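Take a look at the structure below.
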Amino acid sequence: MTRLLLITSFVLHGAVFAQSAEEVELEKLRQEVKTLEKNLHEQVVREKQTIDTVEKLDRKISLEKEIVGKLAANINRQKKRRTKLERQRVTLARRLDKVQDIFAQRMVSLYKNGRIGTLELLINAKNVNQMLLWAEYQRRLAQMDARLISSIKTRKAKLDSSDKEVALLLEKQHQSLREKKLNQKKLEQSRQAKKKLLQKIRRDKKVYVQQVADYLASIKRIQKIITESEAQREREEKARRENNDIDLQPADFTRDYDFKALKGKLPWPVVGKVIRKYGPYKHPVLKTVTENIGVDIKAGRGTPVRCVAGGKVTAITWQRGRGNLIIVNHSDGFYTVYTHVDQIIVKLQENIAAGTALGVVGEAGLDKDPLIHFQVWQKFDHLNPQEWLE
């Protein structure tokens, strides 16, 4: 029983700690949103309706979606925990009733037969051994009664504790639901603010000039990340050669396949429609030729975005006009890039399998429709993704 109580205490302590960590993460997101709200207010006051404002709104929308997602996950966990506690409560109540019945039967039996039985045994006892046996029997009955009483107290205490935890969970669940509704309302307000702003600036050439500049800057940033990743890989390979471990494979699974052999066979990162292909295209506003180094896939907001092949998450970052960006290293110098991703599930340096959900389709940037921008790189050269996708 003591061991069971210790295990229960440990599990409950772990659940409280986990919830505390989640609350800390949620509070961090809330503070980021507050900072962005302050910056946005200051920027609107200065009447600086530029792409910077769009970026801040994008980040605010992304953070608000993350908060809503985490609150929804919390609510689901609280519901499951509540269901589990209520099942445990029913089981505890049944066991308590059973123990109380046994104790009641013992008391009735003792009341009816205890005194008479004792007198008869004392009168009819033939020797000292019978008296000793009687005394031992009485001692064991007393011990059993003590254990029953202790068991009743313990089970009642656990039942009361379970009742309190269920009540606390219900209150937290209601609080999370209220906060989720509030954040959903804020999210919609942010979307409407961005929509109005885009209607004002969508024909402003300066905005699109900045957008192109941001895109070129993002390419340089991706190249820098890949350069750093390749340098790290070369250092690791050199260390293995120096330690005579040339045949030793890395601990992850990314080399269990040849990425080159997957050309034309990769699954699509998201279910949708290609709205801008790889290569040069005429900018609809600037009327200049601009290069697209990936493929833009229109998809419904919130559609899952999946990794096209096994690899290691090399980078998770934010880029203006592109939102959240994820880079996956597939070894042998091959990388895939996913931008406009919201509610990111994977972690930096995590080994992931093909088909792993990275997050969902976001809505950052000046595009009218939610989309995913997908790229394939071989070391420092970008490749045509449509030649690699099935």
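Against the test of being among the acidic types (Asp, Glu) and at pLDDT 75 or above, the options ASP214, ASP160 yield a single qualifying residue, ASP214. Among the residues of this structure, GLU236 counts as one that is assigned to a helix (DSSP H, G or I), out of contact with any strand residue (DSSP E or B) (no Cβ under 8 Å at 6 or more places or on another chain) and outside the structural domain of VAL68 (by TED's automatic domain parsing).
A single member of GLY323, GLY294, GLY272 is in contact with an Asp or Glu (Cβ under 8 Å, 6 or more places away or on another chain), within 17 Å of ILE372 (Cα to Cα) and modelled with pLDDT of 85 or more, and it is GLY323. Tell me the residue from GLU234, GLU228, GLU242 that is of a type in the set (Asp, Glu) and modelled with pLDDT of 85 or more, please. Testing whether each residue is of a type in the set (Asp, Glu) and modelled with pLDDT of 85 or more leaves just GLU228. Just so you know, in the stretch 337-379 the residues that are buried (at least 24 other Cβ atoms within 10 Å of the Cβ) and β-branched (Val, Ile, Thr) include one that is nearest to PHE259 (Cα to Cα), and it is VAL376.
Can you go through LYS80, LYS48 and tell me which one is modelled with pLDDT of 65 or more and surrounded by fewer than 15 Cβ atoms within 10 Å (Cβ to Cβ)?
Answer to the check: LYS80.
The values are calculated or read from the model by the stated rules, or taken from the named source; none is laboratory data. Note that this is a predicted model, so its numbers are computed, not measured. We place every Cβ from the backbone using ideal geometry, glycine too, and count neighbours over all the protein chains shown.
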